[in-house]
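Structure first, then comments.
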Amino acid sequence: MTTSASAVKTKPEDLGRVTFLDGQGELPMLEITTPWSTAEIYLQGAHVTQFKKKDESPLLFLSQCSRFVEGQPIRGGIPVIFPWFGPREGLGQHGYARLKAWDLKELTQVPDGSVSVRLGLPGCPEASAYPAYTADYIVTVNQSLTLQLIITNQSRDAAFSFEDCLHTYFDVGDVTAIAISGLKGLSYIDTVAGFVEKTETSDTLRIAGEVDRIYPNSTGTVAIFDPRLSRKILVEKQGSASTVVWNPWIAKARRMSDFGDEEYERMVCVESGNVASNGISLPPGGSSNMTVKLSSVTLK
Ligand code: TA6
């Protein structure tokens with residue numbers, strides 16, 4: 001017997017809930033609760049700072065030393081990197097999208113209990129260096145966390161070239177005990193070794209020092225096996241051609257004032273984007289849609 005959706009009444013307590021509040025540094029944020037999970041999103045940078053499934057430890061790492069100051073990046077969670085990745089002469093690192101307060105455009109309580117939030121990057125002086133564009137970010141919270149970054153070239157006559165990246169910090173039990181799979185056979189730029197190009201030959205990548213690698217043309221799923229937290233994290237994606245893996249290790253951790261000296265032990269960044277040779281050039285009216293799904297399964 002089939003039951004039409006309209007006949008099935010979702011009980012209010014089974015719907016997801018959104019609470020608006022002042023978070024750290026009095027910055028406005030959304031607290032999202034679903035039947036399976038909780039999440040936090042700051043309007044500053046449209047920054048997801050936490051996602052946690054019930055009966056599991058947080059999926060994302062957030063530094064205890066992070067600043068929560070308008071116009072400054074939050075350290076941890078999922079920084080939205082746009083319209084450029086990495087350092088840019090005379091400009092900040094990783095673009096300006098993560099420094100701006102995004103507009104809340106739409107909140108959706110899905111009958112199945114999921115919650116979806118759509119945010120838009122407002123205009124800003126820095127955008128005058130580019131053709132007219134819009135940047136929309138949709139965060140969907142349920143048993144997993146799905147992120148969608150949609151960039152549209154609103155110009156009638158100019159191409160719009162940019163890089164984008166969801167710079168996700170994952171919480172791990174012990175970074176030296178994790179194994180990262182899904183990168184074997186790919187070439188990568190080893191920025192720690194002077195940006196030389198190498199090939200990933202191992203089945204899994206392990207972290208035993210500073211790692212800062214850009215894997216171009218990397219479109220597949222990456223998995224993080226974490227024996228300490230007895231879980232496997234999956235990073236599945238569409239519309240992303242680059243993967244970046246980063247851990248600052250000891251010396252760089254010490255140099256970062258918004259990052260605890262020992263915090264490198266509890267995090268790894270597996271980032272999904274379109275950077276360097278995978279940068280995007282949109283024709284007038286064109287759109288890009290990068291979708292990244294973050295999920296976890298318990299290791300038996
Ligand atoms: O994604 C890796 C990386 O580019 C590293 O080189 C490191 O700089 C990291 O991003 C953090 O950058 P941030 O500007 O947030 O300190």
| said: Return the residues of the stretch 271-300 that are farther than 19 Å from Phe195 by Cα, among the aliphatic types (A, V, I, L, M) and under 21 Å from the mean Cα position of the chain (by Cα); say none if nothing qualifies. | reply: Ile280, Met290, Val292, Leu294, Val297
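Looking only at residues that are within 12 Å of the ligand (Cβ to nearest atom), in a strand (DSSP E or B) and under 25 Å from His47 (Cα atoms) in the stretch 164-190, which one is nearest to the chain's Cα centre (by Cα)?
The first filter runs over the stretch 164-190 and keeps only residues within 12 Å of the ligand (Cβ to nearest atom), leaving 165-169, 189-190.
Right, trim to in a strand (DSSP E or B) and you get 165-166, 169, 189-190.
Those left that are additionally under 25 Å from His47 (Cα atoms): 165-166, 169.
Numbers: Cys165: 7, Leu166: 3, Tyr169: 7 Å.
Residue satisfying both the conditions and the ranking: Leu166.
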| Unique match (being surrounded by 19 or more Cβ atoms within 10 Å (Cβ to Cβ) and either among the basic types (Lys, Arg) or touching an Asp or Glu at 6+ places or on another chain (Cβ under 8 Å) (or both)) among Thr221, Thr140, Thr191, Thr243 | Thr243
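Let's see how each residue does on (1) β-branched (Val, Ile, Thr); (2) under 30 Å from Val175 (Cα atoms); (3) touching a Cys at 6+ places or on another chain (Cβ under 9 Å); (4) at pLDDT 95 or above:
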residue	(1), (2), (3), (4)
Ser37	no, yes, no, yes
Gly45	no, yes, no, yes
Glu56	no, yes, no, yes
Phe61	no, yes, yes, yes
Ile78	yes, yes, no, yes
Ser114	no, no, no, yes
| said: Residues that are within 16 Å of the ligand (Cβ to nearest atom), touching a residue at least 24 places away in the same chain (Cβ under 8 Å) and out of contact with any strand residue (DSSP E or B) (no Cβ under 6 Å at 6 or more places or on another chain): does the stretch 117-124 have at least one? | reply: no
| If we keep just the residues of the stretch 29-75 that are of a type in the set (Asp, Glu) and not in a loop (DSSP other than H, G, I, E, B), which is nearest to Gln148 (Cα to Cα)? | Glu40
| task | State which residue is farthest from the chain's Cα centre (by Cα) when the search covers only the stretch 45-68 and only residues that are within 14 Å of the ligand (Cβ to nearest atom) and either hydrophobic (A, V, I, L, M, F, W, C) or within 19 Å of Ala135 (Cα to Cα) (or both). | result | Cys65
| query | If you take the residues of the stretch 76-93 that are near the ligand (Cβ under 9 Å from one of its atoms) and assigned to a loop (DSSP other than H, G, I, E, B), which of them is nearest to Leu121 (Cα to Cα)? | reply | Pro79
| query | Does Ser230 count as on the phi > 0 side of the Ramachandran plot and in contact (Cβ under 8 Å) with a residue 40 or more places away in the chain? | reply | yes
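Yes/no per residue for (1) away from the ligand (no atom under 16 Å from the Cβ); (2) among the aromatic types (Phe, Trp, Tyr); (3) assigned to a loop (DSSP other than H, G, I, E, B):
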position	(1), (2), (3)
Lys198	yes, no, no
Ile207	no, no, yes
Ser288	yes, no, no
Lys300	yes, no, yes
| query | Say we look at the stretch 68-101 and pick out the residues that are free of Cβ contacts under 8 Å to residues at least 24 places away in the same chain and under 23 Å from Gly260 (Cβ atoms); which of these is surrounded by the most Cβ atoms within 10 Å (Cβ to Cβ)? | reply | Gly92
| request: Run down Pro87, Pro12, Pro28, Pro79 and say which single residue is of a type outside the set (Phe, Trp, Tyr) and within 15 Å of the chain's Cα centre (by Cα). | output: Pro79
| Criterion: away from the ligand (no atom under 11 Å from the Cβ) and farther than 16 Å from Leu59 by Cα - qualifying residue of Tyr264, Tyr215 | Tyr215
| remark: Scanning the stretch 1-35 residue by residue, those modelled with pLDDT of 95 or more, polar (S, T, N, Q) and more than 18 Å from Ser116 (Cα to Cα) turn out to be Gln24
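Where residues in the stretch 147-166 are out of contact with any Phe, Trp or Tyr (no Cβ under 8 Å at 6 or more places or on another chain) and under 19 Å from Ala241 (Cβ atoms), which of them is surrounded by the most Cβ atoms within 10 Å (Cβ to Cβ)? Give the steps one after another, and end with the answer.
Within the stretch 147-166, the subset out of contact with any Phe, Trp or Tyr (no Cβ under 8 Å at 6 or more places or on another chain) is 156-159, 161, 166.
Checking which are under 19 Å from Ala241 (Cβ atoms) leaves us with 159, 161, 166.
Values: Ala159: 13, Ser161: 14, Leu166: 25.
Ranking the qualifying residues of the stretch 147-166, first place goes to Leu166.
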| request: May I ask you to verify whether Gly113 is in contact with a Pro (Cβ under 7 Å, 6 or more places away or on another chain) and within 16 Å of the ligand (Cβ to nearest atom)? | output: no
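The values are calculated or read from the model by the stated rules, or taken from the named source; none is laboratory data. In this text, all values refer to a predicted model and were calculated from it rather than measured experimentally. With ideal geometry, Cβ positions are generated from the backbone for all residues, glycine too; neighbour counts draw on all protein chains shown.
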